[in-house]
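Everything below concerns the one structure shown next.
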Amino acid sequence: MMSKKMSPRGRWSAIVGLGAAAALALTACAPPGASPSGDDANEDTSTLKVGYISPITGNFAIAGQEMVDGWNLYWEVNGDEVNGVTVETVVEDDAGNPEVSLTKAKKLVELDEVDVVVGPLLANTALAVAAYTSSVGVPNLHPVAAADDLTQRSANDFTVRTGSMSASQMHFPGGVWAGDEGYKTAVTLCPDYAFGWESCAGFKQGFEQNGGEVTAQYWYPNGTSDFSTYVSQIRAAGADIAFVTTAGGAPGPDFLKSFMGLGLGDTQDLLMNCCSLDQATLRALGDDVLGFHSVSNWAEGRDSDVVREFNDAYGAKFDGKIPSLNVAGGYMTASLVAKVLEQHGYVSGDDLVAAISSLTVEDSILGAVSFDKYHNPIAPVYIREVQEIDGKLYNVPIKTFDAVDQWLGKTPEEVLAHESYSQSFQG
């Protein structure tokens, strides 16, 4: 668990208040392999060396490359030097494998001597890397990973979620919205691992707290490509609405092809998650998904100058494409690092995490964002509808839940006292 000696926000405020002398001492915090601090310390505070871990091959290669693209895009648009500090990035591919991810993290820290590790993407890889980086005192920033325990049971002073939300947090408002819309019964379908369990738990609790009943829950293994059996189960359940999540990539289009192919497109109301109805799905299925609904902390069709500028910058570099949540997470993470460098110059160790967690951004590409003492964002969640704008498909917000935290209407103590979500425990 994270240290409770002082909250990150309070601790960083205290550090800043010490003045210039303390700031000089702050920059002497050396990464592993650097000389001890002191008058003759040889740490280079003119460079922030970043190790970036993402699955750029394998089943999640599209999502992983997008995460890297978002990070790189920010520095290309804004320049990689901020307040005299140059940001240097070393990218490593973990192929979505926890053992590979841990090996790459150790290589980045112990051989490349990076100041900070960004990523990886998947829940199980993220938990493995966060456990290691915290043990050696290196900050770990998470643009996309949604594992609840990153900022709950495994929270620590060196880990911050910078571009995503915990899975249960992001999907809780989806259940609230479904209840508000008058649905009385729901069925859920989620992948059979931590991200899926947490996503379904968030929806289920929001729905049930708003008067609904989840009558059946189904789980599918990673790697599923034929969803016809699960779609048949959804049809047989006869619920008012179905909530379906995927972790991105092919499963979103694959599910929807089965869903529409078996005739449920016109007969079964559906709410999907961020990744299953992301831009990759919209490009693959086109007008067939017009009017479909999803829940996410990213909405590329939001009426915001910040979002439009980001969309335009991405489209200019990537043949007119519209950025996904994975791109947004990488870009958002870079923007937070840049804000800290702009305000404080070079910062390392847990002080970097504390500085990020002390930020409040009024209108980022994800909306108004601040952080709790567990280094998790408090930010909007959007109910989105696929709409056509100027000949392109966007996820446009039709309902916004502002300042959503990770506690699902409970206290932190209540949430942390229960076990982690699983098939058998949904809250």
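The values are calculated or read from the model by the stated rules, or taken from the named source; none is laboratory data. As the structure is a computational prediction, the values presented were derived from the model and not from experiment. In this analysis, Cβ positions are derived from the backbone assuming ideal geometry, glycine residues included, and neighbour counts consider all displayed protein chains. Note: areas computed on protein heavy atoms with side chains; ligands, DNA, RNA excluded. Shrake-Rupley method; radii C 1.70, N 1.55, O 1.52, S 1.80 Å.
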Legend entry - Length added when fully stretched, Glu76-Lys317, from 0.36 nm per residue minus Cα-Cα: 85.8 nm
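Can you tell me the relative contact order of the stretch 300-427? Whole percent, Cα pairs under 8 Å, sequence separation 6 or more.
Values: 132 pairs, mean separation 22.1, N = 128.
Over the stretch 300-427, the number comes to 17 percent.
Please find the FRET efficiency linking Arg308 to Glu181, where r is the Cβ-Cβ separation and R0 is fixed at 30 Å, and quote it to the nearest 0.05.
Working: r = 29 Å, r/R0 = 0.96.
Working from the Cβ atoms, E equals 0.55.
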Legend entry - Helix 61-78 vs. the chain, principal-axis angle (Cα, 0 to 90°, nearest 10): 50
Legend entry - Inter-probe distance in nm under a simple model that places probes 7 Å from Cα toward Cβ, at Gln387 and Lys410: 3.6
Legend entry - Ordering of 392-403, 165-176 by packing [mean C-beta count within 10 Å, highest first]: 165-176, 392-403
Legend entry - Cα long-axis angle, helix 98-110 against the chain (0 to 90 degrees, to the nearest 10): 20
Legend entry - Between helix 8-17 and the chain: long-axis angle, C-alpha atoms, 0 to 90°, nearest 10: 30
Inset, instruction - Enumerate the whole-percent occupancy of each 10 Å bin, from 0 to the last occupied one, for all C-alpha pair distances of the chain. - result: 5, 23, 33, 24, 11, 3, 1, 0
Legend entry - Gyration tensor verdict on the stretch 229-369 (Cα atoms; rounded if a/c is under 1.5, prolate if a/b is larger than b/c, oblate otherwise): prolate
Legend entry - Dipole in debye (nearest 20) - the chain, about Cα centre, beta carbon charges: Lys, Arg +1; Asp, Glu -1: 740
Inset, instruction - Along Cα→Cβ, 7 Å out, is where each label goes; now give me the distance between the ones at Arg153 and Ser422 in nm to one decimal. - result: 0.9
Inset, instruction - In vacuum, with every alpha carbon of the stretch 317-427 counted as one equal point scatterer, what does the Debye formula give for log10 I(q)/I(0) at q = 0.19, 0.22 Å⁻¹? Two decimals, please. - result: -1.14, -1.24
Inset, instruction - Find out how many positive minus negative residues lie around Tyr421, taking Lys and Arg as positive, Asp and Glu as negative, among other residues whose Cβ is under 15 Å from that of Tyr421. - result: -4
Inset, instruction - Please work out the average accessible area per residue across the stretch 273-427, using the 1.4 Å probe convention, and give it in Å². - result: 36
Inset, instruction - Please list, in chain and number order, the residues 5+ apart from Val214 or on another chain whose amide H is under 5 Å from its amide H, with Hs placed from the backbone. - result: Ala186
Inset, instruction - Using Cα pairs closer than 8 Å and at least 6 residues apart in sequence, work out the relative contact order for the stretch 166-317, in percent. - result: 23
Inset, instruction - Could you list which residues have their amide H under 5 Å from that of Thr47, counting only those 5 or more apart in sequence or on another chain, with H placed in the peptide plane? - result: Thr86
Legend entry - Share of Cα-Cα pairs in the stretch 179-307 lying beyond 25 Å, as whole percent: 21
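Restricting to Cα pairs below 8 Å that are 6+ residues apart, what does the relative contact order work out to for the chain? Please round to a whole percent.
On the way: 934 pairs, mean separation 81.0, N = 427.
Relative contact order, the chain: 19 percent.
Rounded to the nearest 500, what is the chain's calculated 222 nm mean residue ellipticity when only DSSP H runs of at least 4 contribute -39500 (n - 2.57) each, over all residues?
On the way: 14 runs with 167 residues, N = 427.
Roughly -12000 deg cm²/dmol at 222 nm, from the helical runs in the chain.
Take every DSSP beta bridge whose two residues both sit in the chain, then give the antiparallel share in percent to the nearest 5. It would help to have the intermediate numbers written out before the result.
On the way: 20 of 54 bridges.
For the chain, the DSSP antiparallel bridge percentage is about 35.
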Legend entry - For Tyr52, distant residues with modelled amide H under 5 Å away: Val90, Val91, Glu92, Val118
Inset, instruction - Please state the charge dipole magnitude for the stretch 274-427, taken about the Cα centre, from unit charges on C-beta atoms (+1 on K and R, -1 on D and E), reported in debye and rounded to the nearest 20. - result: 200
